[in-house]
1. Count, please, the residues in the stretch 101-146 that happen to be in contact (Cβ under 8 Å) with a residue 60 or more places away in the chain, open to solvent by less than 50 Å² (accessible area, probe 1.4 Å), among the β-branched types (V, I, T) and assigned to a helix (DSSP H, G or I).
2. Restricted to the stretch 151-171, and to residues that are in contact (Cβ under 8 Å) with a residue 60 or more places away in the chain and within 23 Å of R50 (Cβ to Cβ), which residue is most open to solvent (accessible area, probe 1.4 Å)?
3. Evaluate the following for F81: is it on the phi < 0 side of the Ramachandran plot, under 16 Å from the mean Cα position of the chain (by Cα) and surrounded by 14 or more Cβ atoms within 10 Å (Cβ to Cβ)?
4. If you scan the stretch 54-78, which residues turn out to be open to solvent by 30 Å² or more (accessible area, probe 1.4 Å), closer than 16 Å to L153 by Cα and in a loop (DSSP other than H, G, I, E, B)?
5. I'd like the full set of residues that are assigned to a loop (DSSP other than H, G, I, E, B), open to solvent by 50 Å² or more (accessible area, probe 1.4 Å) and either touching a Phe, Trp or Tyr at 6+ places or on another chain (Cβ under 6 Å) or among the aliphatic types (A, V, I, L, M) (or both), limited to the stretch 10-53.
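The values are calculated or read from the model by the stated rules, or taken from the named source; none is laboratory data. Predicted model only: the values in this text are computed from it and were never measured. No Cβ is skipped: glycine too gets one built from the backbone with ideal geometry, and neighbour counts run over all protein chains shown. Surface accessibility is based on the protein's heavy atoms, side chains included, excluding ligands, DNA and RNA. Shrake-Rupley method; radii C 1.70, N 1.55, O 1.52, S 1.80 Å.
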Amino acid sequence: MCMVIFAPLFAIFAFATCGGYSGGLRLSVDCVNKTDSDLSIDIAFAYPFRLHQVAFEVPTCEGKEREKLALTGDSSSSAEFFVTVAVFAFLYSLAATVVYIFYQNKYRENNRGPLIDFIVTVVFSFLWLVGSSAWAKGLSDVKVATDPKEVLLLMSACKQPSNKCMAVHSPVMSSLNTSVVFGFLNFILWAGNIWFVFKETGWHSSGQRYLPDPMEKHSSSYNQGRYHQDSYGSGGGYSQQESLGPASDEFGQQSGGPASFTNPI
């Protein structure tokens, strides 16, 4: 039930906070010659974070000439992989919810449905782990590439001590941090659901079928021991009677021996 409720929601939060992100930063370059200054340099970037394609112009503080630069790095592969996993996990969780609610009898008819569900759950657990880890590394690279201090180092005008360069506005990364958190929450949710899906498969049922009951085993061993004890007791009494018979016969033969010896005399 937790899987049905939380899996679609967690997947939505994961791809919405990452795929829907757009941010930016603002820089200021104050040249010695005030007419060459630019106090509002806006740099915008968004998903899928192909930062090397984000171009912007800055003053060189040498007349009206401007310098064209671009951010560094490309985190599009990890971001797109993360969003793709989130979208497909959302679609599958919705389909599974419909099957659980409206087609429960067909789901349990044979072992094919639970086996497919088990395999897909394991695959998505692995994909969530890989995707979340890759995107966490990609987000770290995005933060470094969009750090205003790092961007200022790219400007030739900021390398001159006479010019004043500063960051007016830094990018807000809270939603991207949230996407990483929901990525790992999705991994925990799907990985924890593996056991519950496995219990629906025939593998778990066959294992339970051949698993011996400890109480039954103890009861059978107790009855077997009692049977051997009864058999030993009855056999012992019978042997004792058997041994008494010949002893009495021999005793009789010995008592009759002297009588048969004195008759000829």
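1. Here the count works out to 2.
2. Keep residues of the stretch 151-171 that are in contact (Cβ under 8 Å) with a residue 60 or more places away in the chain, which gives 151-152, 154-158, 160, 162-171.
Applying the additional criterion that residues be within 23 Å of R50 (Cβ to Cβ) yields 151-152, 154-155, 167, 169-171.
Details: V151: 0, L152: 26, L154: 66, M155: 0, A167: 44, H169: 93, S170: 59, P171: 26 Å².
Checking each candidate, the answer is H169.
3. Working: on the phi < 0 side of the Ramachandran plot: yes; under 16 Å from the mean Cα position of the chain (by Cα): no; surrounded by 14 or more Cβ atoms within 10 Å (Cβ to Cβ): yes.
No.
4. Residues satisfying the conditions are T72, G73.
5. Taking the stretch 10-53 first, the residues assigned to a loop (DSSP other than H, G, I, E, B) are 20-21, 31-33, 37, 47-50.
Subset that is open to solvent by 50 Å² or more (accessible area, probe 1.4 Å): 20, 32-33, 47, 50.
Those that are assigned to a loop (DSSP other than H, G, I, E, B), open to solvent by 50 Å² or more (accessible area, probe 1.4 Å) and either touching a Phe, Trp or Tyr at 6+ places or on another chain (Cβ under 6 Å) or among the aliphatic types (A, V, I, L, M) (or both): V32, Y47.
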